[in-house]
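Student: Dropping a structure here in structure tokens format, bear with me for questions.
The values are calculated or read from the model by the stated rules, or taken from the named source; none is laboratory data. Treat the numbers as computed from the prediction; the structure is a model and nothing was measured. Cβ coordinates were reconstructed from backbone atoms using ideal geometry, including for glycine residues, and neighbour counts include every protein chain displayed. Heavy atoms of the whole protein, side chains included, go into the accessibility calculation; ligands, DNA and RNA do not. Shrake-Rupley method; radii C 1.70, N 1.55, O 1.52, S 1.80 Å.
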Amino acid sequence: MLIRPEGMLHRDGGLTKLCPMLVIRTLPDLRAACAALRAARGSLGLVPTMGALHRGHRALVRAAVSAGGASVASIFVNPLQFGPNEDLSRYPRDEPGDLAALEAEGCDVAWLPDVATMYPADEATSITVAGPAERWEGEARPGHFRGVATVCAKLFGQVRPDAAYFGEKDWQQLQTVKRMVADLLLPLEIAGIETVREPDGLALSSRNRFLTVAERDQAPLLYAAMTAAARTLTDGGAADPILAEARERLTAGGFAVDYFALVDGPSLTPIDAATPGARLIAAARLGSVRLLDNMAVQAGVLPSSPR
Ligand code: AMP
């Protein structure tokens with residue numbers, strides 16, 4: 001059901017939001033809305049999400065809206081990117097809160113497909129990305145990036161955006177989607193948006209709500225350890241001892257470290273000293289919560305402060 005289809009007809013030069021956001025749940029309605037919006041506004045930006053929206057997601061929507069064209073945000077908790085031991089049913093959901101957040105950011109369309117729409121019962125196609133998807137999260141979560149790549153390809157086919165916005169927070173995901181788009185010659189741009197953090201440096205994540213009070217107190221150590229390592233690496237230090245020290249610091253602070261590595265940003269290949277485009281990437285667990293973070297490491301460029 002297309003809610004308030006007249007919403008897309010009354011715009012004030014694209015600058016002032018006069019009309020309510022469209023909330024769309026079927027593919028024919030989505031296609032009609034996207035065609036009309038693309039014709040009226042010249043271009044379309046897509047923000048794929050799994051909902052439970054926070055300020056990080058909102059920064060992506062804000063970037064899409066401020067690009068000047070029309071904006072679509074999808075909310076779909078994608079079963080294909082969850083492993084058998086990962087609790088899909090535990091993933092937080094807050095549709096009313098999400099719709100209010102999208103509307104407040106000036107988003108034009110909220111796209112809320114159901115599982116049957118995204119994954120037809122007789123489907124036989126999925127997308128596997130090698131290269132940047134192989135290591136790290138690819139090893140820790142087998143099948144995860146197949147799920148991400150497949151759902152993104154479907155969303156790109158449904159919305160046909162000119163640009164799609166992804167968070168640098170999920171650095172390997174961003175590089176995997178960029179690789180897929182380049183390899184499949186898909187006609188859209190992938191924009192990476194800087195990680196939004198709590199004042200103490202913790203990267204915002206839908207999963208942070210599962211931290212206990214004590215774990216929440218420990219959590220900023222991940223950002224602190226990355227910042228310290230990034231500074232030493234930019235001074236020209238060899239990676240191995242710097243990374244080992246950071247891992248020890250995290251372990252002493254109560255984390256179970258899955259990886260803490262220096263990689264070439266686009267390819268995610270390990271490197272042994274900071275080079276242009278180098279990135280620190282980390283995954284570490286506090287209790288049942290797995291925290292992911294990453295940071296640019298570049299001579300002369302200090303790590304960004306939380307915002
Ligand atoms: P998710 O709903 O977790 O699939 O995330 C949807 C998008 O929001 C992805 O592109 C994420 O990288 C991005 N995102 C999540 N957390 C943040 C954050 N703290 N800052 C910026 N982007 C984020």
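Student: With +1 on each Lys and Arg Cβ and -1 on each Asp and Glu Cβ, how big is the dipole of the chain about its Cα centre, in debye rounded to the nearest 20?
Tutor: Value, rounded to 20: 520 debye.
Student: Next up: Translational diffusion coefficient of segment 165-303 at 20 °C, 1.002 mPa s, Stokes-Einstein with Kirkwood Rh over Cα pairs, in µm²/s as a whole number.
Tutor: Using the Kirkwood radius from Cα pairs, D works out to 138 µm²/s.
Student: In whole Hz and in residue order, list the ³J(HN,Hα) couplings for segment 116-127 that follow from phi through the Karplus curve 6.51 cos²θ - 1.76 cosθ + 1.60, θ = phi - 60°; x for Gly and Pro.
Tutor: Going residue by residue, I get 5, 5, 6, 10, x, 4, 9, 5, 9, 10, 8, 10 Hz, with x marking Gly and Pro.
Student: If we sort 199-211, 111-123 on the protection proxy, mean other Cβ atoms within 10 Å, highest first, what's the order?
Tutor: Top of the packing list down: 199-211, 111-123.
Student: Another question, if that's okay. Between Asp114 and Thr212, what FRET efficiency comes out of the Förster formula 1/(1 + (r/R0)^6) with R0 = 30 Å and r the beta carbon distance, rounded to 0.05?
Tutor: 0.35
Student: Let me ask something additional. Measuring from label point to label point, each 7 Å out along Cα→Cβ, what is the Asp200 to Ala124 span in nm?
Tutor: Placing both labels 7 Å beyond Cα along the Cβ direction yields 5.3 nm.
Student: Using a 1.4 angstrom probe on heavy atoms only, work out the carbon and sulfur share of the accessible area of the chain in %.
Tutor: Reported share for carbon and sulfur atoms: 54 percent.
Student: Highest mean first, what order results for 243-252, 43-52 on Cβ atoms within 10 Å?
Tutor: Top to bottom by mean Cβ count within 10 Å: 43-52, 243-252.
Student: When the chain is fully extended, how far beyond the present Cα-Cα distance does Ala104 get from Asp258, taking 0.36 nm per residue of separation?
Tutor: Stretched fully, the Ala104-Asp258 segment lengthens by 51.7 nm.
Student: Moving on. Compute the projected area of the convex hull of the Cα atoms of the chain, averaged over all viewing directions, and report it in nm² to one decimal place.
Tutor: 16.0
Student: Would you please calculate the Kirkwood hydrodynamic radius of segment 151-198 over all C-alpha pairs and express it in Å, rounded to one decimal?
Tutor: Answer for segment 151-198: a Kirkwood hydrodynamic radius of 11.1 Å.
Student: Kirkwood hydrodynamic radius, computed over distinct alpha-carbon pairs, for segment 83-236: how many Å, to one decimal?
Tutor: Kirkwood hydrodynamic radius for segment 83-236: 18.2 Å.
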